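What follows is one structure encoded as structure tokens, with my remarks underneath.
Computed from the coordinates by the stated procedures, all read-outs in this text should not be read as laboratory data. Since this is a predicted model, take the numbers as computed values, not measurements. Every residue, glycine among them, receives a Cβ derived from its backbone with ideal geometry; neighbour counts consider all protein chains shown.
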Amino acid sequence: MEINTTYPGKSQKRDFILHVIQPGLAGLMDGSVSSLAPLFATAFSTHNNHTTFLVGLAVAVGAGISMAFSEALSDDGKLTGRGNPITRGLVCGLMTFLGAAGHALPFLLPSYKAAMTLAIIVVFIELITIAWVRHRYMDTPLLKAIFQIVVGGAVVFIAGMLIGKS
């Protein structure tokens, strides 16, 4: 969907994408994908749900804080028009946390097999959600977005699995 330059709300849509969607998408992608390796490496190496959950929560909190500061400090918005750095940082940090915490939560279950199955399902839902947001707001063709996000997620998941099984 291309932004129509004659549409009166073009500027508002552009601002929403630059101020909220883009930092939120960057955070969700970072949180969902980069946390896969440490979470699943821990799960495969320990088979201990409590330890896996704690590592997943630590990754989510650390990544959320890091991405919030990174986004807020990367651009004051004056030169690029990307908006208030505090707003962008909060959106990016929160979405990073949610993306990483989403697939850590299943490890609160008592059964390792059930937790692992649910975590993999959650990862799949996260990746499809990211692809849909990229399609909806960033004009990326849906199949291309799904392919890019799923391949990236799969590579990181496999890395975590191989590290955890070593």
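Using the Cα centre as the reference, give the magnitude of the dipole from point charges on the C-beta atoms of the chain (Lys, Arg: +1; Asp, Glu: -1; all else neutral), rounded to the nearest 20 debye.
200
May I ask for the angle, rounded to the nearest 10°, between helix 36-46 and the longest principal axis of the chain, with both axes built from Cα atoms and the value confined to 0 to 90°?
Taking the Cα atoms of the chain, the angle to 36-46 is about 10 degrees.
Taking the highest mean first, how do the peptides 11-21, 62-72 order by number of other beta carbon atoms within 10 angstrom per residue?
62-72, 11-21
Report, in debye and to the nearest 20, how large the dipole of segment 1-99 comes out about its Cα centre when Lys and Arg carry +1 and Asp and Glu carry -1 on their Cβ.
Here segment 1-99 has a charge dipole of around 200 debye.
If you plug each phi of segment 23-32 into the Karplus form 6.51 cos²θ - 1.76 cosθ + 1.60 with θ = phi - 60°, what whole-Hz ³J(HN,Hα) values come out, in order, with x for Gly and Pro?
3J(HN,Hα) across segment 23-32, in whole Hz: x, x, 5, 4, x, 4, 5, 5, x, 6.
Could you tell me how many degrees, from 0 to 90 and to the nearest 10, lie between the Cα long axis of helix 85-102 and the main elongation axis, the longest principal axis, of the Cα atoms of the chain?
Computed tilt is about 30 degrees.
Please determine, in degrees from 0 to 90 and to the nearest 10, the orientation of helix 112-138 with respect to the longest principal axis defined by the Cα atoms of the chain, where the helix direction is its Cα long axis.
It is inclined by approximately 10 degrees.
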